[in-house]
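All remarks here apply to the structure that follows.
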């Protein structure tokens, strides 16, 4: 996919303002049509099912983000940068399938979620970043790009530091091409070790507004390699 993404028909659903919710879950129901999912991201929400199977729309009270100038690269990770080649959008379906592997602990990516993001990828909104070792896909992640924001969904690795290398290369390319906001939903221990921080919802939404009004980063305009 090159150039500007294709805008789908708007959603028939109207999301509540997340600032009025005391919890991470802001709404329940709706669908995963492209217009609905994009409308949710533009309001600071993302989809994930509840344990009972219902589709929920989340806006964490404390939102995880990785500052583009705050990524932590340890000495061992810096050595690992030489082990892998990193690409963008070369194996989106394979990355999502690896992230959705049911044998992984805490798996949450259902078939309808997978299909929704595959559709967004075909329209130019969802992207993958891949790490390759010996010609094999060994790590990566995927997410949604809107304006100058990238909203990470899930990552996986099959070799040491592979997904971390993909993230390091991506952050450098995203920042240099005009990116502004890297959203990781929640600041897990793993992501905190890489520099993730928590923002209060109000601060996150303010940064989101700025990202949505900024130009689309050139990273997605047909670029295949993330480079150094």
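Under the shape rule built on the C-alpha gyration tensor, where the axes satisfy a ≥ b ≥ c, the range 157-204 is oblate, since a/c reaches at least 1.5 while a/b does not exceed b/c. You can think of it this way: the chain between residue 25 and residue 209 has 64.2 nm of extra reach, that is 0.36 nm per residue less the Cα-Cα gap. Ranking of 89, 183, 189, 101 by neighbouring Cβ atoms within 10 Å, starting from the fewest: 189, 101, 89, 183. Computed with the Debye formula from one identical point scatterer per Cα of the range 86-171, without solvent, the log10 of I(q)/I(0) at q = 0.21, 0.22, 0.23, 0.24 Å⁻¹ comes to -0.96, -1.05, -1.14, -1.22. The C-alpha atoms of the chain define a longest principal axis, and helix 162-176 lies at about 70 degrees to it.
Residues 117, 216, 41, arranged from fewest to most other Cβ atoms within 10 angstrom of their Cβ, appear as 216, 41, 117.
Note on the chain: helix-only mean residue ellipticity at 222 nm, from DSSP H runs of 4+ residues weighted -39500 (n - 2.57) and normalised by residue number, equals -8500 deg cm²/dmol. Relative to the longest principal axis of the Cα atoms of the chain, helix 111-123 runs at roughly 70 degrees.
The range 139-194 and the range 195-216 have their alpha-carbon centroids 15 Å apart. Under 19 Å from a point placed 7 Å out from the Cα of residue 114 along the Cα-to-Cβ direction: which residues of the range 17-57 have their backbone N that close? From the range 17-57, the list is 32-34, 47-50, 53-55.
Put simply, when 166-179, 42-55, 59-72 are sorted by average Cβ atoms within 10 angstrom per residue, most first, you get 166-179, 59-72, 42-55.
For log10 I(q)/I(0) by the Debye sum over Cα atoms at q = 0.08, 0.12, 0.17 Å⁻¹, the candidate list reads [x] -0.65, -0.93, -1.21; [y] -0.26, -0.61, -1.33; [z] -0.34, -0.72, -1.16; the entry that matches the value derived from this model is [y]. Here the range 51-121 is treated as a Stokes sphere of Kirkwood radius computed over C-alpha pairs; at 37 °C and 0.692 mPa s its diffusion coefficient rounds to 209 µm²/s. A Stokes-Einstein calculation at 10 °C with viscosity 1.306 mPa s, built on the Kirkwood radius of the range 106-220 over Cα pairs, returns a diffusion coefficient of 106 µm²/s. Using only Cα atoms, find the angle between the long axis of helix 201-212 and the longest principal axis of the chain, and express it within 0 to 90 degrees, rounded to the nearest 10. It is inclined by approximately 70 degrees.
Every read-out reported here was derived from the displayed coordinates using simple, explicitly stated rules and does not represent laboratory data. Source: prediction; values computed, not measured. Methodologically, a virtual Cβ is constructed for each residue, glycine included, from the backbone with ideal geometry; neighbour enumeration extends over all protein chains shown.
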